[in-house]
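Values quoted throughout were computed directly from the atomic coordinates according to the rules given, and no laboratory measurement underlies them. Quick caveat: nothing in here was measured; it's all calculated off a predicted structure. All Cβ positions, even for glycine, are placed from backbone atoms using ideal geometry, and neighbour counts span all protein chains on display.
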Amino acid sequence: MAQPRYDHSMAGLGEANFEKLRTCKVLVVGAGGIGCELLKNLVLVGCEKLTVVDLDTIDVSNLNRQFLFRKKHVGKSKAVVAGEAIKRFNPNVEVEAIHGNIITNPLFKVDWFRGFDAVINALDNVDARRHVNRMCLAADKPLIEAGTTGFLGQVFCIRKGETACYECFPKPQRVVYPICTIRSTPSQPVHCVVWAKELFKLLFGDASASMLFDDPASEDKSSFGEACAAVRTTTEPAKAVGAALAALCDAEVKAQLALGTYKTAKKVPTPLSSPELTEGASSQPPSTIQNRPADWDRAVWTAPQCAAEVAEVARELLSADMKERLGSWEFDKDDEASMRFVAAAANLRCRVFHIDPLSLYEAKGVAGNIVPAIATTNAVVAGLQVLELLRLVEQKCILSKERTSLAEVGRYTYCQRFPTGRKCELLQPVALEGPQPTCYVCRNATIPVALDTNETTLQTFVDVVLKKKLGFIDPAVDKGNNGLYDSEENARNLPLTLAKLPAGGVVNQTLLCVNDFQISLEMNIEIRHKPNSDFDEKANPERVDILTGVAEEAAAPAPAAVATHLDFVQNDENAGPPAAKKARTDA
Amino acid sequence: MATFTASEEETNKVYDRQIRLWGADAQRRIQASRVLFLGLGPANVELCKNLVLAGFSATIADHRRVDAASLGYNFFADAESIGKSAAEASIGNVAELNPFADVKIGSTSSCTDAATAEKLVEGHGVVIVDVPCVKGSENERKLINEACRKSGAKFLAVRCSGDGAAAFLDLGAEHSFVVETGEGAKKTTSAPQKASYCSYADAVGVDWTIVKNKKMAQPPTPFLLDRLDALFADRPSSKKRSRDDDDFVVFAKRELEARSLGLDDAMLARHARVAGKCPAHIAAVVGGVLGQEVVKAVSGRGAPTNNVFAFDAATGAGTALFASPAKRA
């Protein structure tokens, strides 16, 4: 006999289905905006066996919506704090809270996923969603997906073999900016922000990894290399910063103009005034002014103010207690110094190229890929996810194969800000698509990949095509029954170009089979040779085409009826998968 | 519950992600606004969470005693608070959600005359009614609504069940708002526009059959069920009581037939079982949608829904409807 606290839930489900729900083992991936709402809903409706995984720690900017967290929890693990909080909502619940990365942690193998009855995603990035999609397909477990961005959201169910999987429809790729755009021809504020981040790396981080780094022995190295290197060892930060900024924004610009770099350019740069920069570097930075107004970060700094801010950051990072971190600094939008540096440097870069400079507030949004977020959208979406879970439970058995139509499996529901369509819907359920025959993830279709087989090395193929674009973690590549590569043997093949690989090489129309046992993934790839010169370097700096259709050269657009799947809101706050942040463990 | 004065810089850090969405001006209006939660039903628990997190101040008015069943939706209370008033049991945890918001208990939580209604509403920019459907609740909604129209407060009335929910909005005879189009640098804001809302009494007085959108054979099920519940609660008691008088299904079929509408028996029977039994996830969906309506209303940005929202848990559809004697805009 269930407890009175389950009255409301049981009334709708009936005793038998409620019992199924109560004993259902559910995995929640993510304990952030959607996760907090989801966990609360699950324990209240009667899910008593939960596992929650999250790699992140709590930040003050989470507190406007991740309501299981308080100010005192800042710095602690989201999964752990959320797990504790929901026990107060329902003391019957058993929660396993794991602070870890769902992609890289060796704990989360396919067999581990098999231990659950359902998986519910509460993620904020494409990479993790892709990975969980593949694991759930491999483990054959239902996955309930959701995403939110601002006022909009989407919820849908993925069932292997019955519905489209997460990768059946192409998702927008992360934008990659060509090096020349960043180093020479920026046209948008974001290019200047990226430049500023690379400058930060050059001055305080791993310098040789920066896009702005030049080999000192090279003949056409930039003129600012020495001045920048000098910042790291200076005893007079203001002076060194002034000199570096003058080299970057004045001398180098003049040099490039003289070389004719901008002869045919749309935006011709204008060098900034060196005296303004060097004097500015010694003036008072806006961030240090006492009793500054609440909206001080919305003002757009002048060039001298920017120089002052950069000098102030240098002072901070060169101070005795920070000195040891020189060489390993990485940009972090939540680190005040990094952010002020990037805002100031981006502002100067914008001025050189006649682009409207950004305030610190705006720069932070761009630099940190900040996605605006509120409690209500997450609440709606998490409520709909539980609705989908209950529908799974009510179909006699969660793992039942007895379905007669996709409508029974679930729906794809859009959350709108305004009533939409003739039915004036704020919540719009539409029929789920079936698995797409061209999907190389759930339908094992062959993917055509076009690249230059004479110029591309196996190393690049593995790193850029297999790992970065196709999401493999530890791939093994075979051509017929010839092993061309796997991480334990054949590493010697990596420096070879594809055409020069053994067993006849990898050339136009070669069929490769790529396997990854860690994630139970196998894909067939058909290589097509496309010379590097045929690629548009600006649009496709990596010079690889991954073609979704089998016959066409270009990526086939998704059919009009499901065009909206392309609009799937990613809420992708992170440019790349973040490393698990170390959590505070003090009480 | 006292709050400390925080600098705007401090609050900006917490509210950053939402300010980036609706802007600093909207945020200031939110922080200057107080919501009266009349009845801490399942929807109002969620609305309370959503709106206090956003920065609204709150008055929680509910003197009903917490029982074990309400712990299934009221996550502000716990087993130790069984027997206390819902407001008292919840206020501590509500206040903790946001130290910058002022949260207090309302001294009254019901009214049967205009004067009490006016006193209840006084000092609030938004009033949300979420109480169970019993004899007299429709009348109470009308009284509160009239008081809101008099004082200029925005009015919402909502009720959830195990099948979904229906909510009525009345933002006043002349609600002003702007419409934003485009994104980022290309964002444009329209000139102020006006929406006219009819009173709650007028809204529930319309012929049900017209409360539907194109592509609908009849009004959405949750709307009909909500209206049937209201009529059923206020059904006249006859001296000669027969079993049928208290049978919701019989009652409902009669009312629907009289209007040439229909809902199948199984659905009506199910509703009789689950009316008043709202599970947490349905409350979450409704509280989220309505929470956004409140933000639109108070910030004056974005066209608010005029004037009914109906959520059908069976299909997952959330529909905006127009229930008003006036012509559709």
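Structure data summary
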| read-out | value |
| --- | --- |
| Values of log10 I(q)/I(0), in the order q = 0.05 Å⁻¹, for the protein assembly as shown under a Debye, Cα-only, solvent-free model | -0.33 |
| Computed label-point distance, nm, for sites A:Thr288 and A:Thr270 using a 7 Å Cα→Cβ extension | 3.0 nm |
| A:Arg315-B:Asp102 pseudo-label distance in nm [points 7 Å out on the Cα-to-Cβ vector] | 4.1 nm |
| On Cα atoms only, tilt of B:42-54 relative to the major axis of chain B in degrees | 10 degrees |
| Coordinate range along principal axes, alpha carbons of the range A:157-286, Å, largest first | 67, 38, 36 |
| MRE, 222 nm, helices only [DSSP H, n ≥ 4, -39500 (n - 2.57), over the protein assembly as shown, to nearest 500] | -10500 deg cm²/dmol |
| DSSP-defined beta bridges in chain A - what % are antiparallel, rounded to 5 | 60 percent |
| Cα lying deepest toward the dipole's positive end in chain A, options A:Val449, A:Asn41, A:Met523, charges on Cβ | A:Asn41 |
| Which listed pairs, of A:Lys197/B:Lys13; B:Lys142/B:Lys240; A:Lys468/B:Lys49, have C-alpha distances above 32 Å, in listed order | A:Lys468/B:Lys49 |
| Qualifying GluC sites (Glu not before Pro) in the range B:128-219, DSSP loop, other Cβ atoms within 10 Å at most 15 | B:Glu174, B:Glu183 |
| In the range B:135-208, trypsin sites (Lys or Arg not before Pro) in a DSSP loop with at most 16 other beta-carbon atoms within 10 Å | B:Lys135, B:Lys187 |
| Proximal aspartates and glutamates to A:Lys266, defined as alpha-carbon separation beneath 17 angstrom and excluding residues fewer than eight positions away on the same chain | A:Asp356 |
| Spin-label pair A:Lys221/A:Ala16, simplified geometry with 7 Å Cα→Cβ offset, distance in nm | 7.8 nm |
| About the Cα centre, charge dipole magnitude for the range A:448-501 (Lys/Arg +1, Asp/Glu -1 at Cβ), debye | 140 debye |
| Neighbour-count ranking [beta-carbon atoms within 10 angstrom, fewest first] of A:Phe418, A:Phe169 | A:Phe418, A:Phe169 |
| Cα-centred dipole magnitude for the range A:190-242, charges only on beta-carbon of K, R (+1) and D, E (-1), debye, nearest 20 | 280 debye |
| A:Asp536/A:Ala503 FRET efficiency (R0 22 Å; Cβ-Cβ; nearest 0.05) | 0.10 |
| Candidates B:Ala153, B:Ala95, B:Ala314, ranked by Gaussian network fluctuation over chain B, Cα under 10 Å, top entry | B:Ala314 |
| Per-peptide average of other Cβ atoms within 10 Å, ordering A:455-463, A:257-265, A:110-118, B:221-229 highest first | B:221-229, A:455-463, A:110-118, A:257-265 |
| Counting all C-alpha pairs of the range B:58-208, share separated by more than 24 Å (%) | 46 percent |
| Residue with peak Gaussian network fluctuation, chain B [Cα springs, cutoff 10 Å], from B:Cys148, B:Cys133, B:Cys48 | B:Cys133 |
| Set of lysines with alpha-carbon distance to B:Lys214 below 23 Å, sequence-local pairs under 8 removed | A:Lys423, B:Lys327 |
| Chain A, relative contact order in percent, only Cα pairs under 8 angstrom and at least six apart counted | 17 percent |
| Net dipole in debye of chain A [+1 Lys, Arg Cβ; -1 Asp, Glu Cβ; about Cα centre; nearest 20] | 1200 debye |
| Kirkwood hydrodynamic radius (C-alpha pairs) into Stokes-Einstein, the range A:50-189, 4 °C and 1.567 mPa s, D in µm²/s | 74 µm²/s |
| Ranking of A:Trp301, A:Trp195 by count of other Cβ atoms within 10 Å, fewest first | A:Trp301, A:Trp195 |
| When the range B:17-133 is reduced to its Cα atoms, the Kirkwood hydrodynamic radius in Å | 14.6 Å |
| Degrees between helix B:248-258 axis and first principal axis of chain B (Cα, 0 to 90, nearest 10) | 90 degrees |
| Residue list for the range A:10-41, given a label point 7 angstrom along the Cα-to-Cβ vector of A:Glu94 and an amide N cut-off under 18 Å | A:19-28 |
| Residue order, fewest to most surrounding Cβ atoms within 10 angstrom, among A:Cys513, B:Cys160, A:Cys228, A:Cys415 | A:Cys513, A:Cys228, A:Cys415, B:Cys160 |
| Per DSSP, loop GluC sites (Glu not before Pro) in the range A:494-538 with at most 14 further Cβ within 10 Å | A:Glu537 |
| Relative contact order for the range B:72-208, counting Cα pairs under 8 Å that sit 6 or more residues apart, in percent | 15 percent |
| GNM top mover of B:Ala230, B:Ala191, B:Ala272 - chain B, alpha-carbon springs below 10 Å | B:Ala191 |
| Largest to smallest principal axis extent of the C-alpha atoms in the range B:122-201, angstrom | 53, 33, 22 |
